[in-house]
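Some notes on the structure that comes next.
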Amino acid sequence: MEVHVSLTGRDDLSGEIYRQLRRAILDGRLRPGDPLPPTRDLARSLSVSRNTATVAYDRLFGEGFVTARTGAGTYVSEHVPQMRPGPLERRETKSLQPRSVWGSIQLPTIAFERLAIFDFRTGLPDASLFPYETWRRLLSEQMRAEVVGKALYAHPAGHEGLRAAIARHIGVARGVQATTDDVLITGGTQQALDVIARTLLAPGETIAVEDPGYAPPRSLFRSLGLVLANVPVDNEGLIVDRLPSDARLVYITPSHQYPLGMSMSLQRRLALLEWADENDAAIIEDDYDSEFRFGGRPLEPLMTLDTSGRVIYVGSFSKTLIPILRLGFIVTPPSLREAMYRAKYVADWHTATPGQAALASFLDDGSFARHIRKLRSVYEKRHDLVTRILTRDFNNELELVPSVAGLHVTALARPEAADRLPDALRRASAQGVEVHELARIGGGPSARSRPGLMFGYGAIPTEHIEEGLRRLRAAFG
Ligand SMILES: Cc1ncc(COP(=O)(O)O)c(C=O)c1O
């Protein structure tokens, strides 16, 4: 391994080599058994005499930091203690402090938790249904020298073939009319929201969000210095009359409100578009899981009702494929297109190309449509089973919010059962059943004050649902 030694402006060259190598050994950059470079090579690379390097090595050897095997080189000794942080490191940690907003933003624990046997936690698709073979083949086709070519940076808007395939897909599946140029590929919804917010708003401006709502974007918007306006939702979705007139941007989940699960009524959709026109505001439509709709009439995306170019549509492949791919997209109105390309460019230049190209082939050859059909039929069974059992067996404790889409349903605690929720969840957890409380997952003041549970059915095998809910039922007593 190359050890970095710097002799710039130093006098005692041999002593300096000794000190820097000793420090590298003690702080673990050089580990027991690692070889040190031969004195001849080190001397050449530092432009010092070989004797200078040898003196430093002799000192390290004399103090037991290294072992020298004649003819076989010099190695870090096997038993060297790790150094505690010295005065320098301690001073550094004290003097550099992040902005205070980072103190109030937590990392999501779900990403690091082990899965439970009866896992009703939300936010997870069924990873066992992912088409691994096909995906491996498509990805490895992208990693050939003749495909990669000169490995030039790509256009920030993303892989042209994928943008075209997405434009076609949402045209067919959602009736959203978009050209290739309107589509910008992002690292999931979360980056899409970052690009949009930075394109449109300056720190100090107001963004309206649903209350309760999806939590990660709320943290993102706060980190960008935006002011959050919490707007309540009822069984028709966002209450448009409660929007503050100074909101420049409104972030909503109209097809399947997150976390409660209802759809936004047509009347409210039209009222929201009118409000945006009157207040010169933009709307972000997060259409994160509408591929999975199990009944009722398909709802018009806001974007198809929009006649004045105020709606920015956001889609994700986290539910239809798997979230670790980090692939999502924006459909931008023409007036924002160029600025969004630039906002994406300054964030990360562009999303990694091989995954985008693999997804383009997956969409183009019909695999994606087949995959969705398969998932829909699996998730529909789970949705129906969970809904049926909750209505039948939990009627005294929970009131189900009607929902016919997505990968979770939400149930609010009846007032007389609210106090029993935490204990019941603890007992259920001891029996291998994990369910998220609304307060833990939903963002916003009203999520915290509304006792309820969210039942995800993405990660739980269908045959575990009945037993999982039976155990939860028993935990309520
Ligand atoms: C409301 C909402 N939007 C979007 C997403 C997907 O986010 P991403 O594409 O960043 O993985 C989720 C995932 O749980 C979600 O609940």
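The values are calculated or read from the model by the stated rules, or taken from the named source; none is laboratory data. Source: prediction; values computed, not measured. Ideal geometry is used to build each Cβ from the backbone, glycine not excepted, and the neighbour counts take in all protein chains shown.
Of everything in segment 378-405 that's of a type outside the set (Asp, Glu) and assigned to a strand (DSSP E or B), which residue is modelled with the lowest pLDDT? Let's see the steps before the verdict.
So the first thing to find is which residues in segment 378-405 are of a type outside the set (Asp, Glu), and the list is 378-379, 381-383, 385-392, 394-396, 398, 400-405.
With the extra rule that they be assigned to a strand (DSSP E or B), the set shrinks to 398, 400, 405.
Working: Leu398: 96, Leu400: 95, Ala405: 91.
Once the filter is applied, the top-ranked residue is Ala405.
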Which pairs do you get when a residue that is on the phi > 0 side of the Ramachandran plot, found in segment 281-299, comes within reach of a residue that is within 16 Å of the ligand (Cβ to nearest atom), reach meaning Cβ atoms under 8 angstrom, with the pair 6+ apart or on two chains? Gly296/Ser263
Condition first: out of contact with any helix residue (DSSP H, G or I) (no Cβ under 6 Å at 6 or more places or on another chain) and surrounded by 14 or more Cβ atoms within 10 Å (Cβ to Cβ). Now tell me which residues in segment 36-56 satisfy that. Leu36, Pro37, Pro38, Leu46
Out of everything in segment 290-302 that is under 20 Å from Ile372 (Cβ atoms) and either within 16 Å of the ligand (Cβ to nearest atom) or among the charged types (D, E, K, R) (or both), what residue ends up being surrounded by the most Cβ atoms within 10 Å (Cβ to Cβ)? Glu291
Of all residues in segment 182-203 being in contact (Cβ under 8 Å) with a residue 24 or more places away in the chain and not in a helix (DSSP H, G or I), which is farthest from the ligand (Cβ to nearest atom)? Leu201
Going by what's in this entry, would Asp246 be described as farther than 30 Å from Gly103 by Cβ, more than 16 Å from the ligand (Cβ to nearest atom) and modelled with pLDDT of 95 or more? no
Of the residues in segment 6-35, how many are in contact (Cβ under 8 Å) with a residue 40 or more places away in the chain, under 39 Å from the mean Cα position of the chain (by Cα), crowded, with 16+ Cβ neighbours inside 10 Å and closer than 18 Å to Gly73 by Cβ? 2
Looking only at segment 145-181, and only at residues there that are within 14 Å of Arg342 (Cα to Cα) and buried (at least 19 other Cβ atoms within 10 Å of the Cβ), the one that is nearest to the ligand (Cβ to nearest atom): Gly158
Go over the candidates Ala151, Ala167, Ala173, Ala178 one by one and state the one that is in a loop (DSSP other than H, G, I, E, B) and in contact (Cβ under 8 Å) with a residue 12 or more places away in the chain. Ala178
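So if I check each of Arg471, Arg388, which one is over 27 Å from Ile239 (Cβ atoms) and surrounded by 16 or more Cβ atoms within 10 Å (Cβ to Cβ)? Step through it out loud before you land on a result.
Details: Arg388 fails: surrounded by 16 or more Cβ atoms within 10 Å (Cβ to Cβ).
Going through Arg471, Arg388 in turn, just one is over 27 Å from Ile239 (Cβ atoms) and surrounded by 16 or more Cβ atoms within 10 Å (Cβ to Cβ): Arg471.
Would you please name the residue that is farthest from Glu160 (Cα to Cα), looking only at residues in segment 324-344 that are within 16 Å of the ligand (Cβ to nearest atom) and of a type in the set (Lys, Arg)? Reasoning before the result, please.
Going through segment 324-344, the residues within 16 Å of the ligand (Cβ to nearest atom) turn out to be 324-331, 344.
If we keep only those that are of a type in the set (Lys, Arg) too, we end up with 326, 344.
On the way: Arg326: 18, Lys344: 15 Å.
Taking the candidates together, the pick is Arg326.
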Against the conditions (1) surrounded by 20 or more Cβ atoms within 10 Å (Cβ to Cβ); (2) under 30 Å from Pro217 (Cβ atoms), where does Glu397 fall short? Just the number, please. (2)
Residues in segment 261-289 that are within 16 Å of the ligand (Cβ to nearest atom) and in contact with a Gly (Cβ under 8 Å, 6 or more places away or on another chain): how many? 7
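Of the residues Leu375, Leu321, Leu359, which single one is within 16 Å of the ligand (Cβ to nearest atom), outside any helix (DSSP H, G or I), crowded, with 21+ Cβ neighbours inside 10 Å and in contact (Cβ under 8 Å) with a residue 60 or more places away in the chain? Even if it seems obvious, please write down each step before you answer.
Working: Leu375 fails: outside any helix (DSSP H, G or I); Leu359 fails: outside any helix (DSSP H, G or I).
Exactly one residue qualifies, and that residue is Leu321.
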